[in-house]
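The block underneath contains the structure these notes are about, expressed in structure tokens.
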Amino acid sequence: MKTILITGGAGFIGSHVVRLFVKKYPECKIVNLDALTYAGNLENLKDIENAPNYVFEKADIVDADHIFSLFEKYQFDGVIHLAAESHVDRSIANPMEFIHSNVIGTVNLLNAARAFWKEPEGKRFYHVSTDEVYGSLGEDGLFTETTAYDPRSPYSASKASSDHFVRAWHHTYNLPVVLSNCSNNYGPNQFPEKLLPLFINNIILNRPLPVYGKGENVRDWLYVIDHARAIDMIFHQGKIGETYNIGGHNEWKNIDLIKVLCQIMDRKLNREAGTSEKLITYVKDRAGHDMRYAIDASKVEKELGWVPSLQFEEGLEKTIDWYLANKEWIENVTSGAYQKYYKEQYEER
Ligand code: NAD
Ligand code: TYD
């Protein structure tokens, strides 16, 4: 039986990856390692927590001894590394946490894999990263796998750094690695600090919708389950040492996306058309706000046959329906420390 370590499995994307692997590969043991920070929530995995091939380990990837002891205990065959601090605004306020988890945490995992994998045959270390490492695009062009790195926020700088360490461990120590850089994800279980879940929750609560700057920044949105499907394909079929860009061919200017969201929310909540749009409030821009991200995903499409399965409108409806049906989830994750975060981020903006 193969044993696969998935880090950050209690978070947004990680929980979808864990669920996919637990269900699709009953012959593999899936170990979900997560520190359960504010973003990690085992409720995300309630439906599979008793599966015979699933194990949860609470651990911080910054704690090298603990990570080594888990490699000793489980003798992992593969690693899919998603654990990270993931929110740009938080990285602007507290960059050191990002350096600890995203850089040092990643190097701890690389060191453990290197120490335990004397023979690279059959082993694989998959590092999940972001398109934000490539910096910001102008009106034209797309990020490809050969675009030069140009990270501009503490978050993207920490992810870029971790990407470089992963490649360095491959080139220097022959560690069998594979990487992917993905565009903005959306879908169920995303913490309501990122644009879509924050705005869905604020519309439900009749709170202002804080649009940074003029709302003209562009993001390329991908449904989280399509990202999880790509991760599955790359983990199993991707070439060692290679990087794959993943994206939705789905660019939206923030303000246009927000207006579509408002229209759907009015319909779902039986509110008069135009009600949610009145909540739009232009606020001070994010420091160093990247203008545009967009991915050329042709490599993963041509080499591995991956394509997004959902049209954006369908994904957005599914996402909204999930949040409307899971108000208790939102209440749980927004109680406690979230209130302080929200006040600092928005009420004093
Ligand atoms: P998330 O913030 O929802 O989840 C991160 C998870 O990692 C949480 O469960 C948290 O508890 C855990 N974690 C954080 N620090 C840890 C530590 N020191 N030790 C152990 N666990 C720790 O993030 P997400 O949006 O699901 O992103 C997952 C990964 O995908 C990240 O590496 C991120 O950079 C990458 N990514 C995200 C997006 C996106 O749009 N969200 C896009 C591309 C890539
Ligand atoms: P976000 O979801 O934080 O993802 P990222 O910054 O990693 O792309 O933000 C998506 C876009 O929405 C980004 O251009 C910033 C903008 N934004 C707002 O206008 N208001 C908000 O409250 C948030 C959280 C984001």
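Only the coordinates and a few stated rules stand behind these numbers; no lab work does. This one's a predicted model, so the numbers in the text were calculated from it and none came from an experiment.
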So for segment 1-74, considering every pair of alpha-carbon atoms, how many percent are separated by more than 19 Å? 29 percent
Find the centroid of the Cα atoms in segment 127-175 and in segment 68-86, then give the distance between the two in whole Å. 21 Å
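Going from the alpha-carbon gyration tensor of the chain, what semi-axes, largest first and in whole Å, does one get by taking the root of 5 times each eigenvalue?
Working: eigenvalues 213, 96, 76 Å².
Whole-Å semi-axes of the equivalent ellipsoid: 33, 22, 20.
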How large is log10 of I(q)/I(0) for segment 260-342 at q = 0.10, 0.11, 0.15 Å⁻¹ when the intensity is taken from the Debye formula with one equal scatterer per alpha-carbon? -0.47, -0.56, -0.97
Relative contact order (%) - criterion: Cα under 8 Å, at least six apart; region: segment 127-168: 46 percent
So what's the back-of-envelope 222 nm ellipticity for the chain, counting only DSSP H runs of four-plus at -39500 (n - 2.57) apiece and dividing by all residues, rounded to 500? -12000 deg cm²/dmol
For segment 197-349, what relative contact order do you get, as a whole percent, if you take Cα pairs closer than 8 Å and at least 6 residues apart? 35 percent
With respect to the cross-link table entries K214/K327; K159/K278; K123/K318; K24/K58, which display a Cα-Cα separation exceeding 25 Å? K214/K327; K159/K278; K123/K318
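Report the relative contact order of the chain, percent, no decimals, based on alpha-carbon pairs under 8 angstrom and at least 6 residues apart.
Working: 632 pairs, mean separation 59.7, N = 349.
RCO, the chain: 17 percent.
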